[in-house]
Every structure is written in C-alpha cells, then in structure tokens.
Amino acid sequence: MSRRIALVFCLILLVGTPVYAQNALTGPPNDPDANKQWVIRQLGLACAWEHLTGNSDVTVAVIDSGVDMNHPDLVDVLRTDGFDAVDGDDDPSDENGHGTHVSGIIAATINNSKGIAGVAGGGTRILPIRVMAADGSGTNQDIIAGIRYAVSKNVQIINMSLGSMLPLDSEDIVEAIKEADAAGVLVIIAAGNSFVPLPNFAFGVEEFAMVVAATDPDDRKTDFSNYGKWISVSAPGAGIYSTMPTYDVYMTSQLPAEERFNKNYDQMSGTSQATPVVAGLAALLFAQHPDWNADQVRAEIEKTADDISAQNPIKRYGPITYFEPSNLGKGRVNACNALGGPVKGSAAAVGGPEGKSNLIMLLGFSAVMLVVLGGLTVFLIRRRKHNARPAAIPAGGFAPPPPIHYDQAMAQQQRNLASQPIVGSTPPLNQSYAPPSAAPAGGPAWGKLTVVRGAELNKFYLLRENQIFIGREASLAVAISGDSTVSRRHTIIYRDPRGIEIEDAGSSHGTKINGIPVQGRQLVRPGDVIEVGQTHLRFEG
C-alpha cells in the first residue's frame, strides 16, 4: 500500500515538472564570481537563461582592441578566424585589455565553475577583430576594415564599444555601418563617456545602428554617459565585472600604478560596458528566433525595455537643463521580458508577469499534494501507532535555516549598496547623519566633506591639509570605498589664499560641482555638492 501511494506521489511530481529548453539553465550559475555581476539581477538574466543560454550558430563580432585568445572563460567561445586590422594579420590578440573585458560581458562561458557568466551564456560565438593599438588608439581605416571583415564572415551582430568625443571626419565609418545594416547585421555602438548631449563618432547613424547609454544599479543615467534623441536603449554600465587578459597588457601594466586594472578579471565602467550587455541580449534573441532579422531583434529589445523615466527626473541648475529623461531611448533593457518572461512552472513565474495564473495552478497542485500526503500520514500512523518514534532533528536541537535564493542574495547585495537621492543641488546643511568614524590625526580641520549619496551615506571626512586627494586609493585623506566608478586618484582639493578650489585629477569619468562638469580649477563654496563617480559629497567650510 505504501509503495502504491509513493508511486502516485512521484507521478504527480512528474506531471507538475516544467520542461525546459535543451540548453537552458534552471538554477543559478556555478560561476564563482557571478555574485559580483549585479547586471544578472537587474536584467532578469536568471529568468532569461531558463529559456536558453545561447547558440553556437550566433556570432558577435567584437570590433575593439582584440581578445585574450586563451582566457579560460573565453577560449571555448572564440572563433579562430579573427582579424588584426592594426598589424594586418590573423592574430587579434589583445594588447590593451578593453576588448577582452567587452567580450566577457557578452559571452563568458556560463556554468563552467570559472569566473563569470556572460549575458549570452557562453553558447554564443565571439569573432575577435582588432582595430585598436595597445594604447587604445585606432584609425578610421582600421575600423572600416574591421566592419567589412565582420560582414564578410556572416556575423549576426557587431559590437563597437569605441568612439570619439567629436563626431568629425567619420562619414566613411557611417557608410561602413550602413553597409553592415544593409547586409542584415545588427550594429550596436556605445553612446560615449563625455557626459554631454552629443553623439559619439557616428553622427546620424541611429537609423542604422543601436546606440546605447549607460545606467547604474538604481536605473539612473551614469554621470559619464552621453545622452540624446539618438539613443536606442540604455543598459548597465557602472562597475561591470568581466574578463581581463591573463597576461600583462597596457591597462594592467603601463597605466600609472594607481590606475591599473587587475589581470584575469576586474570591473570597468562606461558605455563601452553597456553596449556588450545589449549585444549579448541580441545574441540570445537570435538564438531563440533563428528566423528573425536584425530589425525584429532590435524592435523586441526596445519594446521590452523598462521605462526608467521616473528614476531620471529633469534636474535644473539655474537656466541650464542638466539632464532630460527622454534622452535615454526606450528605457533600460530587460532580458527576462525580451525572452518571453518566466518559464511556466518555474520559481520566477510565480512572481513574474504570469504570477496570478501560475499562483492559482500552484495552489491547486498544493491542495492535491496535501490530500495525498494527508492520506499517507493517516495510513502510516494507524499502521505504526504501536512502535512510532519521534522525528529526528539535527544535532543541537534546531532545524537549519533555508538556503538563500540566488536572486534574493543579489537583491540584498544591491540594497546594501543602494544610494540615496539628493533633493536639489545643495542639500540642507542640517541634514542628519550617522555617527562618524574616528577623525584622522593632524592639525585643526578647515573643512568637511559629507557623503550625501553613495555606498557610504553620511560618512564624513575632515579636511586638514592644503592639498587633498579624493579617490578610492586607501591611503588618501578622502578614500571612497564601495564605488567602482571612482578612480584611484579622482579629484584634488586645494586650499590657498584665493579660497577652496577643486580640480579633476585625470579621472575616468570626470568631476562635477552641483551637476556641472569641472573644467580646470574651480572654486567650491559651502553647501556645494562635489560629484565623484556615483558618490556625492557636500562641502562645508
């Protein structure tokens, strides 16, 4: 009798088990550094991967500085017929680092117990095309040669995480992009990192290519991202963790020591990182819909993007409009929505767009299970009532806590890092703050910086020297942690007879006062907000 009941129980479980695609992922990836990739939670990638994790018939051409051809997280996805336009040969090995980072975001192998997980899950192929020299420079001729080579190799997608602040002398590049578009290739390019409403090098190309702006974990436009009516969509571009060459390259060995990146893996920020996020999503859609063309894939990405206008209200500083939400395209891309939403019967489906119907099905299934288990329990009690024993409990007398779900862990990580918005350009001076850390040793303080937005909200720094650096280097007087968009030495504060001045120290993303980019040395007044990366500090004299 008990065996019959157990058999019925197993049959019910089999009936209620969803059927997944052959190359799908039904749980969190086992890549050890996936917990450093906030993009997984933000885009709903765990949900998208329940549909599929890419297809080797889909290729993304990465037109960049090349790729580390032997990186353990990329070696299985790299095509061997790449091209080096700089040296004119068939060895596109990366001598800079940028292209390897971009490639990992797109297709680092998923679930291989190594490093990270690429957006396209590692099933997608990467065609490496080198058009940038070791120092990150490149010519129009090499870029054009790279675009045409990619088209000749029948790729579905071209990723171009490169550009120039000035959209001059690029008509020939635009023509090459138009050729790629006419050939049915989806071209995706970066918006640029000049924090201005100006196009990248490819002026007027938005009809023929997707132009991508960058957002942060709170779905706000990053300070550095360009914006404008030519933007197609936005995507995560702040503190993106990805692959780096396993050997010394320009970015890991020749930059100033305080600005160098790590080998193997590190994080970068920029529209260069947002662009491959969209390229990876496009690769998933081409794999899911092999009969779709580039226009259909682009339309689906734009249609299913999340509206983030509420997170990006218009901010005004005097007569200047600092930012307009309409300039972020169709919104921030959403991989779960683009791939069709949660798979029926999956854990994601219960709380997703199909939540109501799936919840009803789940409740019905639970009711049946309760009846079956209730009958089984009564039977066993009656049969064993004379020799029943108490149920065993773990040593120590308590049940272990349930494991933390992957998505919950990612969400908690983001809550810990969440920053608070500033109201206006100069928050009130009497804003409350948490108890300060110990004051640094030295002479009397002549000023104070308080974090009013960022990972270390309400922490303050006393200013004692006549020249002070702000950055993420631990030895600095104002050492910012928890913000990967802050350079190791980001901003310099000077105290001299003319007053208090600040100057950008050659940072990656610039410095601002009250939302306005700092040019040269500028005076700072009490109440002004200094913006370094995603961290905002209010100055008090």
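The table that follows gives values for the structure above.
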{"item": "Flag if Asp223 is open to solvent by 40 Å² or more (accessible area, probe 1.4 Å) and more than 30 Å from Met69 (Cβ to Cβ)", "result": "no"}
{"item": "Sole exception among (1) over 28 Å from the mean Cα position of the chain (by Cα); (2) not in a strand (DSSP E or B) for Ser481, by number", "result": "(1)"}
{"item": "Subset tally (residues that are farther than 16 Å from Arg538 by Cα, touching an Asp or Glu at 6+ places or on another chain (Cβ under 8 Å) and either assigned to a strand (DSSP E or B) or open to solvent by 50 Å² or more (accessible area, probe 1.4 Å) (or both)) for the stretch 461-476", "result": "2"}
{"item": "Flag for Ala150 being at pLDDT 95 or above and open to solvent by less than 60 Å² (accessible area, probe 1.4 Å)", "result": "yes"}
{"item": "Qualifying position, being assigned by the TED database to the domain that holds Asp295, under 21 Å from Ala24 (Cβ atoms), part of a loop (DSSP other than H, G, I, E, B) and free of Cβ contacts under 8 Å to residues at least 60 places away in the same chain, among Asp87, Asp76", "result": "Asp76"}
{"item": "Failed condition for Ala117, given (1) modelled with pLDDT of 95 or more; (2) open to solvent by less than 60 Å² (accessible area, probe 1.4 Å); (3) out of contact with any helix residue (DSSP H, G or I) (no Cβ under 6 Å at 6 or more places or on another chain); (4) part of a loop (DSSP other than H, G, I, E, B)", "result": "(3)"}
{"item": "Cross-chain or 6+ apart pairs with Cβ under 8 Å, the stretch 171-190 first and in contact (Cβ under 8 Å) with a residue 40 or more places away in the chain and outside any helix (DSSP H, G or I), then of a type outside the set (D, E, K, R) and open to solvent by 50 Å² or more (accessible area, probe 1.4 Å)", "result": "Gly184/Asn293; Ile189/Gly163; Ala190/Gly163"}
{"item": "Selection count, the stretch 287-313, where residues are open to solvent by less than 20 Å² (accessible area, probe 1.4 Å) and part of a helix (DSSP H, G or I)", "result": "4"}
{"item": "The stretch 51-73, residues that are assigned to a loop (DSSP other than H, G, I, E, B) and farther than 21 Å from Gly123 by Cβ", "result": "Gly66"}
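Okay, residues lined up against (1) of a type in the set (A, V, I, L, M, F, W, C); (2) part of a strand (DSSP E or B); (3) in contact with a strand residue (DSSP E or B) (Cβ under 7 Å, 6 or more places away or on another chain):
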| residue | (1), (2), (3) |
| --- | --- |
| Pro217 | no, no, no |
| Ser225 | no, no, yes |
| Gly228 | no, no, no |
| Ser234 | no, yes, yes |
| Tyr241 | no, yes, yes |
| Asp248 | no, no, no |
| Thr252 | no, no, no |
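The values are calculated or read from the model by the stated rules, or taken from the named source; none is laboratory data. All of these numbers come straight from a predicted model, not from anything done at the bench. Cβ sites come from the backbone with ideal geometry, for glycine too, and all protein chains shown count toward neighbours. Ligands, DNA and RNA are excluded from the accessible area calculation, which covers all protein heavy atoms including side chains. Shrake-Rupley method; radii C 1.70, N 1.55, O 1.52, S 1.80 Å.
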